[in-house]
Amino acid sequence: MIAYLVNLATLIAIFGIAATSLNLLIGYAGIFSIAHAMFFGIGAYVAAQVALTVSPDFLVAALAAAVVAGALSLCLALPALRVRGEYFVAASLGLQMMASTIFAEAHSLTGGVGGLVGIPPARILGFDVASPDAFLVLALACLAVTLAVVRTLMRGSFGRSLMALRDSESAAEAFGKDVRALKTLVVVVGCFFVGIAGALFAFHMAFVNVESFTLEQSVVLMAMVIIGGAGTLTGPLVGVIALLSLPAALSFLPFIPATEIGTVQQFIYGALMTALMIFRPSGIVGLSRGAR
Amino acid sequence: MLLTQLAVAGIQTGMLYALTAAGFALIFGATRVFHVAHGATFILAGYAFLEAVQLGLHWSLASGVALLLAVAFGLFMDALVYRPIQKHEGSFFTVFVASFGAGIAMQALIQFFFGGGFATISVPLTRAAEVLPGLYIAPVFWVALAVVVVVFAAVSLFLERTHAGLGLRALSENPELLRAYGLSARRLSALAFVLGSALAVPGAILTTVTTGIQPADSAHVMLVSLAATVVGGIGSIRGAALAGLFLGLVENLVVSVVDTQWSQAASFVVLFAFILFRPNGLMGRAGAR
């Protein structure tokens with residue numbers, strides 16, 4: 001039971017980072033990306049490759065993962081600069097679908113559908129952090145750093161410029177904000193952090209394959225942000241906890257057959273997303289704070 | 001001959017994409033709702049047809065059942081999901097997320113009752129015959145062709161010649177003015193959902209009898225409709241249909257160059273390229289974004 005809870009807490013920390021970074025795009029900058037699992041995956045694959053071939057040091061692997069994810073995020077920044085609204089959603093969908101195919105087919109880089117196996121236990125500067133408890137501490141530390149950085153950034157001029165951009169792009173531009181630079185920067189920062197989450201995920205699972213980085217995962221991440229409350233600091237975390245505890249809670253209900261839990265879970269978060277949009281478009285946390 | 005065979009397969013897939021995408025484009029054009037639950041309409045119709053046929057209904061009655069359910073789902077989404085949202089906020093993303101969520105929920109529901117695997121029924125129409133040396137065409141190809149031509153003719157006639165069709169086009173251009181002239185925007189948007197959802201039905205039925213249908217098709221159909229609408233030019237039904245046909249062709253023809261696993265990605269490369277270099281699409285109005 002304790003082991004189960006530690007595992008759940010680690011996953012909450014990892015997805016907490018991912019959802020917080022997606023919230024930067026969706027909640028603060030109004031860039032509605034459905035390609036976030038792609039960068040989560042890039043982070044995980046890069047970390048896995050670094051751990052397998054260079055060094056099992058978490059800091060090295062996570063830094064490499066974050067840098068590569070951040071650099072490749074320019075693929076997402078490009079359409080974000082050119083188009084808005086429906087067009088951007090469509091572009092990010094296209095990107096996500098291409099990425100899923102590449103993850104599944106580029107055998108030399110990603111191991112194909114079989115994935116990369118045997119990722120060595122994480123170490124930091126020679127210390128072993130592979131035990132579940134130590135790894136949980138590491139994940140929580142990463143989450144704390146992410147939250148601190150996001151909080152500082154969003155309170156400062158960068159955050160305010162972003163929110164201005166989200167609410168009215170032309171007004172932000174009229175006030176002399178460099179819209180192109182702001183958008184590119186926020187996409188890079190968001191993808192940098194999800195790269196770290198990917199690295200944590202790779203070490204935690206000791207195994208990565210395409211299953212974890214498909215469109216469904218992107219939708220789950222989006223659901224976490226939206227259900228929790230986009231544009232708030234704690235919202236995405238609330239969403240992550242709610243969605244990750246859901247399967248555990250459902251397994252206690254005796255009348256649902258174990259094989260159908262995944263389906264029931266999908267139904268619940270689908271319906272939850274729709275219901276929230278109808279009744280509380282600002283999400284669970286957004287509700288207590290009133291308008292964002 | 002391989003190329004011709006692939007082209008024939010591509011045209012068949014493309015025709016079904018064209019119909020489904022036209023439905024999506026019609027709804028989007030008239031109501032500005034990004035109805036991504038359209039994919040769920042598709043699988044709902046497919047499974048309804050399948051279930052009705054297995055219960056012993058004649059195929060025409062079964063098609064009727066599928067049509068009825070698809071239209072009901074479209075109306076349900078319009079009345080109980082989109083309208084309440086548009087009443088209080090109506091930002092593009094809110095509607096999009098709600099639609100996405102409903103699509104996921106519907107897909108899960110179908111998976112719960114019918115399982116996640118392929119379901120199909122075999123009909124004599126799908127047995128391929130050699131038309132030219134080395135070129136096989138199943139009779140269902142001609143059925144699909146006939147259905148597509150008839151449906152498109154009917155839809156264009158409706159949109160161009162009838163009062164309601166004119167109203168639909170007016171709704172997309174200026175809903176305020178429409179209201180000022182005393183037409184009901186509500187009734188017209190319901191009409192758009194009826195027509196748009198109905199357009200997904202032929203594709204769903206023909207897919208069920210040819211390749212078989214599975215719950216995961218919901219996402220695929222949604223993606224293809226969305227891609228076709230963007231590539232065709234948002235707001236243009238004809239453009240969406242053309243782009244649907246084009247995407248079906250691309251998906252099948254690339255198989256001659258790369259492995260089959262890449263064929264779906266090919267359509268998204270096309271989509272991505274269009275968004276970057278020609279965001280107004282094949283037939284979109286300039287500056288429509």
Practice prompt. Would you work out which of B:235, A:108, A:241 lies farthest towards the positive end of the dipole of the protein assembly as shown, given +1 charges on the beta-carbon of Lys and Arg and -1 on that of Asp and Glu, about the Cα centre?
Written response: B:235
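For chain A, list the DSSP H helices whose alpha carbon atoms reach 27 Å or more along the long axis and whose average Kyte-Doolittle value is 0.0 or above? List each step's numbers first, then the result.
Numbers: long enough: A:2-23 (30 Å, 1.74); A:85-105 (30 Å, 0.86); A:132-155 (34 Å, 1.68); A:179-205 (39 Å, 1.87).
Membrane-span-like by this criterion, though nothing is claimed about a membrane: A:2-23, A:85-105, A:132-155, A:179-205.
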Practice prompt. Please name whichever of B:100, A:60, A:229 sits farthest to the positive end of the charge dipole of the protein assembly as shown, dipole taken about the Cα centre and charges placed at Cβ: Lys and Arg +1, Asp and Glu -1.
Written response: A:229
Discussion item. Restricting to Cα pairs below 8 Å that are 6+ residues apart, what does the relative contact order work out to for the stretch A:83-229? Please round to a whole percent.
Written reply: 37 percent
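Using only protein heavy atoms and a 1.4 Å probe, how much accessible area in total is buried between A and B, to the nearest 100 Å²? Show your work: numbers first, answer last.
Working: alone 13470 and 14300 Å², together 24030 Å².
Chain pair A/B: roughly 3700 Å² of buried accessible area.
For chain B, give the percent of accessible area contributed by carbon and sulfur heavy atoms, probe 1.4 Å, rounded to a whole number.
Working: 8390 of 12440 Å².
The C+S portion of the solvent-accessible surface of chain B is 67 percent.
Tally Lys and Arg at +1 and Asp and Glu at -1 over the other residues with C-beta under 13 Å from the C-beta of residue B:113: what net charge comes out?
Details: positive: none; negative: A:260, B:51.
Once positives and negatives cancel, what remains is -2.
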Practice prompt. Find the relative contact order for chain B and round it to a whole percent, using C-alpha pairs within less than 8 Å whose residues are 6+ positions apart.
Written response: 37 percent
Practice prompt. Only helices at least 18 Å long along their axis, Cα-based, and averaging 1.6 or more on Kyte-Doolittle count here, so list those DSSP H runs from chain B.
Written response: B:59-76, B:92-114, B:139-161, B:263-277
Worksheet entry | Farthest positive-ward along the stretch A:70-187 dipole, Cα basis, beta-carbon charges - from A:170, A:134, A:120 | A:170
Response to the item:
In terms of the alpha carbon gyration tensor, root eigenvalues a ≥ b ≥ c, rounded if a/c is under 1.5 and otherwise prolate when a/b exceeds b/c or oblate, the stretch A:1-99 is oblate
Fill in: Accessible area in square angstrom per residue, the stretch A:2-213, 1.4 angstrom probe
38 Å²
Response to the item:
Taking a ≥ b ≥ c as the square roots of the Cα gyration tensor eigenvalues, with a/c under 1.5 meaning rounded and otherwise prolate when a/b beats b/c or oblate if not, the stretch B:1-52 comes out oblate
Worksheet item: Cα centroids of the stretch A:198-228 and the stretch A:159-189: how far apart, whole angstrom?
Response: 28 Å
Worksheet entry | the stretch A:133-153 and the stretch B:203-276: distance between their alpha carbon centers, rounded to Å | 41 Å
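Per residue, how much accessible surface does chain B expose to a 1.4 Å probe? Answer in Å², no decimals.
For chain B, the solvent-accessible area averages 43 Å² per residue.
The values are calculated or read from the model by the stated rules, or taken from the named source; none is laboratory data. Just so you know, these numbers come straight off a predicted model, no measurement behind them. Ideal geometry is used to build each Cβ from the backbone, glycine not excepted, and the neighbour counts take in all protein chains shown. Note: accessible area is taken over every heavy atom of the protein model, side chains too, but ligands, DNA and RNA are not part of it. Shrake-Rupley method; radii C 1.70, N 1.55, O 1.52, S 1.80 Å.
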